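Asks: Can you keep this structure in mind? I'll have questions shortly.
No lab work stands behind these numbers, since they all come straight from the coordinates. Worth saying up front: this structure is predicted, and the values here are computed from it rather than measured. Backbone-built Cβ (ideal geometry, glycine too); neighbour counts: all protein chains shown.
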Amino acid sequence: MADQMTEPKPTEDQQETPRQPSRRRFIIIGVVAILVVGAFLWWWHSTYYEDTDDAQVDGNLVQISSRIQGHVLRVFVDQNQFVDAGTLLVQVDPADFETALHQAEANLESAEASYEAARVNIPVIHINTGTNLNNASIDVVSAHEAVVESENQLKADQARVVAAQANYEKARLDLERYTPLVQKDIISKQQYDAAVATADADKAAVDEAEADVVAAQNAVRMAHDRVVQAQSSLNYARTAPQQVAIQKAKADQAAAQVDQARAALAQAELNLEYCQIHAPTSGIVTIKSVQPGQNVSVGQALMTLVSLDNVWITANFKETQLEHMRPGQAVTLHIDAYDRDYDGRVTQIGGATGSMLSLFPPENATGNYVKVVQRIPVRIDLTEPQENKDHLLRPGMSVEPRVRVK
């Protein structure tokens, strides 16, 4: 009993010897388990996810330019200043454009007055031409009647000439018979003087009748001229529809001039509005190159506005990663700058590789072709845009997207 109680204890080395194989086995099992889990995770990730580190935040860069030519009065923003949509950025001197606006208003009033006069004159022309047509028709009838009357008067005057010539011829013959008789005192001197007077009177009657014939001939000629004139007036009066149409055309032309003047007035109003250049969207002012006192021209770039309300991610995936990638797939976006994740979704897959969209696309038909895995841009939008209401995402920031493809 005493010998058993005094049996020596094993040393420390003798106690650890049986434990070492057990610890080594545990370590090996743990390493194997870690490798298996890592392999499983790698398989899971490579099977169900595609990711890349070639991605960045994109956004709209709005070029602010002048739509008119003028002198800059004031610039209301500074470089890298955040502005809201509608903020006044630049003011151009409006003096010249206000003068142009007043001139356009005056031109419009003048055009409207001309149109009103042309429009009102249409029924007046219509009535006048109708009246002229009736009067011309009456004048033609009157002229023909005057011709007939003057011709009848000519015939009467010619008949009086014949009668006067006959009377004169009888008086002349009587005077010739009385001349020898008075010389022989067969008849009295008084009878002879009476015969002379009668011959002279008949001669005067002939001259008067011939003068009346000449006057009647002139009257006939004038009557024919009046017929021609009246016929011409009638022909002109018959153009009444054409005259009304011409007046309507003038009214239409005046109406077109009114429209033209209104368009010029609208353009003048727009030019006056363009004197104040406002921000089309909210964002940050960059690349500001305009200063007060500067003369600007149409289309000249004044500054660039970086929009922060509408941003997206452009991820350049390898072509071998796109087999199962489709629009609408969920994406986890890791932003390097903030070590923060955002939710997104694939919205578009580019139509060509980045090399094809470059300024100088590669030429592979030279005989020096080396196959290189190409990258295609993929657009990713935020699922919840309000996540960026603090405007932390800025164009150009690096992003690591992870797309769930299965």
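Table: residues versus (1) surrounded by fewer than 15 Cβ atoms within 10 Å (Cβ to Cβ); (2) touching a residue at least 24 places away in the same chain (Cβ under 8 Å); (3) among the hydroxyl-bearing types (Ser, Thr, Tyr); (4) touching a Gly at 6+ places or on another chain (Cβ under 9 Å).
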{"residue": "86", "(1), (2), (3), (4)": "yes, yes, no, no"}
{"residue": "97", "(1), (2), (3), (4)": "no, yes, no, yes"}
{"residue": "108", "(1), (2), (3), (4)": "no, yes, no, no"}
{"residue": "111", "(1), (2), (3), (4)": "no, yes, no, no"}
{"residue": "146", "(1), (2), (3), (4)": "no, yes, no, no"}
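Asks: Tell me which strands (runs of 3 or more DSSP E) are completely within the range 23-125 and hold 3 or more residues being closer than 30 Å to residue 273 by Cβ, or say none if there are none. So that I can check it myself, show each step before the final result.
Replies: Values: elements: 49-51, 55-65, 70-75, 88-92.
It comes to 55-65, 70-75, 88-92.
Asks: Shifting gears a bit: So the check is Cβ under 8 Å with 6+ separation or different chains; which pairs have a first residue in the range 331-352 that's touching a residue at least 60 places away in the same chain (Cβ under 8 Å) and a second one that's assigned to a loop (DSSP other than H, G, I, E, B)?
Replies: Listed by first residue and then by second, the contacts come to 335/392; 335/393; 335/397; 336/397; 337/392; 337/397.
Asks: Keeping to the range 317-351, report how many residues are within 16 Å of residue 399 (Cα to Cα) and in a loop (DSSP other than H, G, I, E, B).
Replies: Of the residues in the range 317-351, 4 are within 16 Å of residue 399 (Cα to Cα) and in a loop (DSSP other than H, G, I, E, B).
Asks: Can you tell me how many residues in the range 353-384 are in contact (Cβ under 8 Å) with a residue 40 or more places away in the chain and surrounded by 12 or more Cβ atoms within 10 Å (Cβ to Cβ)?
Replies: As a first pass, look at the range 353-384 and keep what is in contact (Cβ under 8 Å) with a residue 40 or more places away in the chain: 373-384.
Subset that is surrounded by 12 or more Cβ atoms within 10 Å (Cβ to Cβ): 374-383.
Number satisfying all stated conditions: 10.
Asks: Residues 290, 306, 311, 346: which one is under 30 Å from residue 391 (Cβ atoms), β-branched (Val, Ile, Thr), in contact with a helix residue (DSSP H, G or I) (Cβ under 9 Å, 6 or more places away or on another chain) and buried (at least 17 other Cβ atoms within 10 Å of the Cβ)?
Replies: Being under 30 Å from residue 391 (Cβ atoms), β-branched (Val, Ile, Thr), in contact with a helix residue (DSSP H, G or I) (Cβ under 9 Å, 6 or more places away or on another chain) and buried (at least 17 other Cβ atoms within 10 Å of the Cβ) holds for just one of 290, 306, 311, 346, which is 311.
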